[in-house]
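The values are calculated or read from the model by the stated rules, or taken from the named source; none is laboratory data. All figures in this text were calculated on a predicted structure; none of them were measured in a lab. With ideal geometry, Cβ positions are generated from the backbone for all residues, glycine too; neighbour counts draw on all protein chains shown. The accessibility values were calculated without ligands, DNA or RNA, using every heavy atom of the protein model including side chains. Shrake-Rupley method; radii C 1.70, N 1.55, O 1.52, S 1.80 Å.
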Amino acid sequence: MSDVNAFIETIGKDVSAAVAPKIEDFAETISTRAFTQYGPRVSAFAHQLVKDIIDEQSATVRDFATGLIQDIFQRYQPELTGELHTRVVPGGLQVTGQGIKLDLKHRDSGVSVSSLDIPVSITIKIDALGVTLQDATISLDVIS
């Protein structure tokens, strides 16, 4: 029996050595041919298909987005509450807020959906400013 196993093993090694490279070369040839001949065609087809889908569906997406935005603006009413205070500071104006809140309410019921506190503290830089008065009247009322 060992002669049969050795026989089969020897034939297998010889076939692997002689035939396997031919199969690998054949597979490489098919792969190269498919890549060079069919790859560009598949790529062009896929590119055109994506372009067609975008062209055909862009109006649908645009209409959907427009309708959704209109629905949101019709559904909700924003309200801004609070106080802004302005002070003249060196080099500009300082604006601060107290109790600034953005409240989003349902338009139909007025019920608050959500609110957001907005901290406001900004300084607006103003370069040197000159004022020219022409034909101005100044009156001072003194109360004693």
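Couple of notes before you dig in:
- Farthest toward positive dipole pole in segment 41-143 [+1 Lys/Arg, -1 Asp/Glu at C-beta], among V42, L93, V120: V42
- When you work out D = kT/(6 pi eta Rh) for segment 1-86 at 4 °C and 1.567 mPa s, using the Kirkwood radius from C-alpha pairs as Rh and the Stokes-Einstein form, the result is 63 µm²/s.
- The Cβ shell under 12 Å around T81 holds other residues with a net charge of -2, Lys and Arg each +1, Asp and Glu each -1.
- For K105, distant residues with modelled amide H under 5 Å away: Q77, E79, V113
- Solvent-accessible surface of segment 1-46, averaged per residue with a 1.4 angstrom probe and all protein chains in place: 90 square angstrom.
- Seen against the Cα atoms of the chain and their longest principal axis, helix 39-75 is set at about 30 degrees.
- Where segment 52-144 is the region considered: accessible area per residue in Å², 1.4 Å probe: 88 Å²
- The charge dipole of the chain, taken about its Cα centre with unit charges on the Cβ of Lys, Arg, Asp and Glu (plus for the first two, minus for the last two), comes to roughly 200 debye.
- Relative to the longest principal axis of the Cα atoms of the chain, the long axis of helix 2-33 lies at roughly 50 degrees.
- Pairwise FRET efficiency - L80 versus T132, Cβ, R0 = 22 Å, nearest 0.05: 0.05
- For segment 96-144, dividing the convex hull volume of the Cα atoms by the residue count gives 283 Å³ per residue.
- Taking amide H positions as modeled 1.01 Å from N, with prolines and chain starts lacking one, the residues under 5 Å from V120 and 5 or more places away or on another chain are G97.
- Applying 1/(1 + (r/R0)^6) with R0 = 41 Å to the Cβ-Cβ distance of Q70 and K125 gives a FRET efficiency near 0.55.
- Volume per residue for the chain equals 549 cubic angstrom (convex hull of Cα atoms).
- Nonpolar atom fraction for the chain, defined as the carbon and sulfur part of the 1.4 Å probe accessible area, stands at 60 percent.
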